1. How much FRET efficiency would the formula 1/(1 + (r/R0)^6) give for TYR279 and LEU258, where r is the Cβ-Cβ distance and R0 is 35 Å, rounded to 0.05?
2. Around ASP438, what is the net charge, scoring Lys/Arg as +1 and Asp/Glu as -1 over all other residues with Cβ under 11 Å from its Cβ?
3. Over all directions, the average projected area of the alpha-carbon convex hull for region 266-310 comes to how many nm²?
4. Under a Cβ-Cβ cut-off of 13 Å, what is the net charge of the residues other than LEU410 that fall near it, where Lys and Arg count +1 and Asp and Glu count -1?
5. Counting only the backbone N, which residues of region 330-362 are under 19 Å from the spot 7 Å out from the Cα of THR50 toward its beta-carbon?
6. Take the Cβ-Cβ distance between GLU82 and VAL446 as r, set R0 to 35 Å, and report the resulting FRET efficiency rounded to the nearest 0.05.
7. Once Rh is set to the Kirkwood radius over Cα pairs, what Stokes-Einstein translational diffusion coefficient, in µm²/s, holds for region 344-428 at a temperature of 10 °C and a viscosity of 1.306 mPa s?
8. Applying a 10 Å radius around every beta-carbon, put 394-404, 112-122, 263-273 in order of their mean neighbour count, most first.
Amino acid sequence: MLTILGPASRYCDGISRRGFLKAGAFSFGAASLTLADIYRAEANSPAPTTHKAVINIFLGGGPPHQDMWDLKMEAPSEIRGEFQPIQTNVTGLQICEVFPRMARHMDKCVVIRSITGCADRHDAIQCLTGWPHDSLRPMGGRPSVGAVLAKVQGPADPSVPPFVGLAAPTQHRPWSDAGQTGFLGPAYAPFKPDGEGMANMRLNGTVDQLNDRRRLMQSFDTLRRDIDATGSIEGLDAAQQRALGVLTSNRLLEALDLTREPQHVRDRYGDGKPYQFQYDGAPTVNDHLLVARRLVEAGVRCVTLSYGRWDSHGQNFQLVRDHGGKLDQCLSALVEDLDMRGMLNDVTIVVWGEFGRTPRINNGVGRDHWAPVSSCLMIGGGMRTGVVIGATDRMGGYATQRPVYQGEVLATVYRNLGLNPDTVNIIDPTGRPQHLADRPALREVV
């Protein structure tokens with residue numbers, strides 16, 4: 001890598017810094033190097049992420065496992081449905097025909113066909129925390145993975161929030177839950193580009209004025225911080241420092257700006273329109289997966305998003321053709337992009353919903369709620385991939401081999417992120433250490 005120093009510049013902390021430009025390796029045979037040459041080299045050599053990250057894709061409503069990753073071709077017609085299986089690039093592994101692009105990338109995936117322990121509730125709590133809904137509820141509940149990363153690892157870049165939730169508000173609000181902070185408190189909440197946080201990023205005044213205000217705030221030391229048993233002052237300070245970092249940097253705003261992405265890349269992801277079967281849930285915003293990749297590149301540790309509304313009580317097969325085909329396009333593009341950039345081993349992608357769907361097709365050609373079993377797709381993260389974990393019976397109703405709990409999935413995510421769930425704890429408000437997960441990581445992939 002070549003570092004080219006530029007003219008000195010002054011930031012709000014008063015420290016004189018030099019701007020720099022990092023360009024990828026290129027030939028030095030030419031006598032001189034133009035700025036255009038440097039920009040070209042930079043564009044052709046995207047910098048790999050230097051941190052571990054997770055992109056949690058929540059399929060709100062409960063996706064039908066037997067019409068996606070666990071087809072039951074030997075079941076009777078009232079169970080089997082209308083889809084045909086297709087072969088993937090992993091010998092013996094077949095998935096639904098609506099995922100032809102992902103079929104070419106299954107060697108980078110872990111298919112879990114036996115997720116059990118789901119609650120029959122339309123929310124993302126178990127997929128975001130790995131814990132039952134009522135765990136530690138009296139003290140605020142369990143924190144989501146993003147909140148834990150914000151607390152334990154902090155920001156990878158001081159000007160970029162460690163935890164970002166992309167889902168816009170849905171009419172059924174739990175389907176757009178980005179991840180609660182639980183007993184950790186509001187200092188570790190996700191930044192939401194579609195929420196108040198974006199409006200707060202509009203800087204009123206100059207950077208110098210902002211710096212003066214910060215010094216003024218620091219001068220009002222009228223509170224005894226040593227007797228702040230709740231830690232609220234410390235949390236406020238941390239939140240203010242993160243906000244100042246974001247306000248004085250363009251990095252986050254640039255990551256959210258898709259106009260900076262080449263049109264051919266945006267076309268590969270697609271936009272997911274027209275939005276179908278949305279009702280009170282999330283739209284199929286393919287753009288969000290591209291934004292997630294850009295956020296991870298910028299330094300975000302955890303990105304959560306809600307993709308589509310999969311509550312297919314009626315028209316199940318039409319819904320899956322619509323949602324599944326669009327998901328196939330943007331998810332495969334995300335995998336390809338991360339792999340091409342050398343980031344796939346550092347980024348874990350999780351694709352799942354709150355429960356599965358009934359084996360029997362109802363009179364509305366739909367499938368109803370089914371908590372006993374569902375499926376999950378995990379990708380990248382440095383795991384041993386190209387494997388299938390667990391199995392269900394002939395009807396797709398119950399796990400018959402290797403039941404897997406949500407806690408095992410998120411314990412694996414933590415391990416991929418560099419946090420050993422067996423040894424790392426977080427302290428609750430009573431001073432007691434709490435485990436990150438209630439079960440060990442998946443032995444089949446770590």
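1. With a Förster radius of 35 Å, E is 0.85.
2. Computed value for this residue: +1.
3. 3.5 nm²
4. Values: positive: ARG142, ARG415, ARG439; negative: GLU408, ASP438.
Every neighbour counted, the sum reads +1.
5. Residues 341-347 qualify, since their backbone N sits under 19 Å from the label point.
6. Values: r = 37 Å, r/R0 = 1.06.
FRET efficiency, GLU82 to VAL446: 0.40.
7. Answer from the Stokes-Einstein relation: 106 µm²/s.
8. 112-122, 394-404, 263-273
FYI, it's all coordinate maths here, none of it is from the lab. Predicted model, so just to flag it, every value in this text is computed and none were measured. Cβ: placed from backbone, ideal geometry, glycine included. Neighbour counts: every protein chain shown.
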